[in-house]
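The values are calculated or read from the model by the stated rules, or taken from the named source; none is laboratory data. Fair warning: this is a prediction, and the values are worked out from it, not measured in the lab. When we count neighbours, we look across all protein chains shown, and the Cβ atoms used for this are built from the backbone with ideal geometry, even at glycine.
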Amino acid sequence: MKRLKDSVYNALSDQVKNLQLIPVTAVKLLQLTANEDSDFHDLSKIIETEPALTTQILKTVNSPLFNFPYPIHSIQRAVSMLGFSNIRSTAIKLLFYNKLIAKPTGQSFDLLYFWQHSLFVATLGREIAVKLNHPDPDLLYTSGLLHDIGKLVLESHGKLSYSEFISANTNIAPSTLQNELIFFGVNHEQIGHIICHDLELPEVITSVVANHYAEPNNYFEFKLENAIITFANYLAGIHGLGSFYQEKPPVLPNIVSKTIDIKNIDIDSLFTHVDKEMQETSKFYGIQFPTLNQLRIQLIQCSIKSNQSSSQSSQSILQAKPKQSNLLSTLTIPHQSLDPELIIPQTLHAIYNSFHFDRVFMLSMFSKNRSLYPKFCYPPNNSTNHLDQSLEINIDTLTGDLLTCLRTRHPAIITNKNFKNRSLLNQIGVNEFIAIPILRNKRLYAVLYIDNKFSRHPLKVEILSQIVPIAKELGSALFNARCFELEKNRAEIDSLTGLSNKRMINDFLEVLFSDKKRNLSRIGIGFLDIDYFKKLNDECGHHSGDEALVLVADILRSLTREGDFVGRYGGEEFVFVLADCDVIEAHQYAERIRAEIETKGIEFQHKFNNNKLTASIGIVMYQPQFKNHTQLIAKADKAMYQAKNSGRNNVVSLPSKKQTQNKIVSIKRS
């Protein structure tokens, strides 16, 4: 330790021993971790010595992130509400950011980029710890936050700064530690180790700081904690979010696979949670952190550069090798839209242009008859490339390499060397083809089919390594498109009834009113309100109230004609728009709805504690004096209240109910 300490301080400036490298308050907070007798009072007392920190903690506690029902004005109350670990992590994060990170810098070592990396590793570390049932996940968060503190110390207090190291090593390999030893005489792990040791920080934090690249040669009792942060650091690196930009992706250290059963960690949910927390942190600090999609693009760029350099000597691929710019463009094509009808054809087109295959197809899964069928192709509109029966493949009768490809989710070149493939190849009329499974959220969504049916150029296995990343990006883009569709539906659809919500009702009417070619004179609006709904809710409970809302929604849906529109306006109110009717027809339609609700209410009266289920409905037809759709809704609302005032379980139309009924009677008599 003495020799290591001498080497470390020899790499730092002479005055460093007299400087506080880590904020004093942060050190005291970290030391509390190792003291079993510490309590909330001790933590509160330390925080209160730092006025800026006190302000930030109270601001954080009272933010929408925690959404407490009343304001919290004291640190002790904040500590008791959020808990020791939560406050400790928040305080340390704020101290480090305010005192060490939030400085403008034009150097190669970008402090904000470093801060993003530290937060990403910290958040990943905590979530991995949660999934592994670690007793103190927040301690892993703090360890992740500090794991690269040695780099920060070198940047701030090194005789040679970390920025100078980066500038001198423009193409740093994954063996960064070895390059640091050559440049500084020590590496950042050793710097961090000595700093943490001298400041008497908790041993688990010191261990992680000293050993987050490889298996520890000390602090063996913290092997799990080291493996967690090492894994988090690796995951950050392969997403292109290291502590500084590196072209080559990192290598997974052995300690991770030896210590952690990675198969038991749901990476998808892990990154979903981390992405959400990083965006919340981004808002708090006012820093634009990369989203998962942006990180994915960085990962692609690193992978492509690595793959291209490793395959530079390979001359066996007959297809013209695409330029890097073209390949990166192809990889990013899937993320240029959220519409699958655009994503898929554009991606097939890009693959065709980049690799010069004869045909590129998307074979979609058709679950009802268990088959693959060609849904998209490139080139399009070519009689020889028509989406014919030959590419419709029944999965149940499938044998050979394509069946293995579908089961294992691994890409393959299907050739006639395997006799089990020959029947399928004869069906398609080719000697070989490429099959790459496209996964959407880990599930088989489709198969990317590629062949050289006309040129007969052989397909080399080496080409798979360049196409597979594109297929992965396409699967990710399709998953994002599906998520967007679901989020859009949530924004437009009432979650309880499944009807359109108020926003969609207004949007529909706004479009209707803006259509100058539309004859608005036959547009009618109905405003429906469930009678005595508050009483039903109070006496029977909200569950019965929800059942009543769903029942009314189902009736409206079942009686809606094609071209009409129905939605839940809010609470117990519903709106329906009749696209082509007169006032008599609108009144008749509303009367059918009212009668059906009354009938169903009697049928299910036992569910509503013998309360009757009825509705009052107001009808209004479009008139030229209505300048916008809100006036039309307001008039229908007024008609509904007239129905309420005239005894409920009633329909009132404007013009008046009496005039409407007289017209209806005259129609019946005639």
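Odds and ends about this structure:
- Members of segment 598-644 found to be of a type in the set (A, V, I, L, M) and in a loop (DSSP other than H, G, I, E, B), listed by number: Leu613
- Test result for Phe184, surrounded by 24 or more Cβ atoms within 10 Å (Cβ to Cβ) and at pLDDT below 80: yes
- So Asn10, is it more than 21 Å from Leu140 (Cα to Cα), assigned by TED's automatic domain parsing to the domain that holds Leu146 and at pLDDT 70 or above: yes
- Looking across Leu241, Leu270, one residue alone is modelled with pLDDT of 75 or more, within 22 Å of Ser476 (Cα to Cα) and within 29 Å of the chain's Cα centre (by Cα). It is Leu270.
- Candidates Leu160, Leu152, Leu145, Leu132 - the one that is assigned by TED's automatic domain parsing to the domain that holds Ser257, more than 30 Å from Asp266 (Cβ to Cβ) and at pLDDT 80 or above: Leu152
- Filter pass, Asn452 being over 17 Å from Tyr378 (Cβ atoms) and outside the structural domain of Ile238 (by TED's automatic domain parsing): no
- Among the residues of segment 146-158, those that are over 13 Å from Pro202 (Cβ atoms) and part of a helix (DSSP H, G or I) comprise Ile149, Gly150, Lys151, Leu152, Val153, Leu154, Glu155, Ser156, His157.
- Here Lys417 passes the criteria (1) of a type in the set (D, E, K, R); (2) farther than 20 Å from Met362 by Cβ; (3) at pLDDT below 90 except the one numbered (3).
- The residues listed here are Arg422, Arg359, Arg409, Arg370; of these, the one that is at pLDDT 85 or above and at positive phi is Arg409.
- Search result, residues across segment 398-417 that are surrounded by fewer than 18 Cβ atoms within 10 Å (Cβ to Cβ) and within 19 Å of His457 (Cα to Cα): Thr415, Asn416, Lys417
- Condition check for Thr614 on (1) surrounded by 15 or more Cβ atoms within 10 Å (Cβ to Cβ); (2) among the hydroxyl-bearing types (Ser, Thr, Tyr); (3) more than 44 Å from the chain's Cα centre (by Cα): one failure, at (3).
- Qualifying residue in segment 29-42 (condition: at pLDDT 70 or above, loosely packed, with under 15 Cβ neighbours inside 10 Å and not in a helix (DSSP H, G or I)): no
- Taking segment 441-463 as the range and being surrounded by fewer than 19 Cβ atoms within 10 Å (Cβ to Cβ) and of a type in the set (D, E, K, R) as the test, the residues that pass are Lys442, Arg443, Lys453, Arg456, Lys460, Glu462.
- Members of segment 592-611 that are surrounded by 17 or more Cβ atoms within 10 Å (Cβ to Cβ) and under 13 Å from Ile555 (Cβ atoms): Ile593, Arg594, Glu596, Ile597, Gly601
- Selection status of Leu139, within 21 Å of Lys276 (Cα to Cα), aliphatic (A, V, I, L, M) and surrounded by fewer than 24 Cβ atoms within 10 Å (Cβ to Cβ): yes
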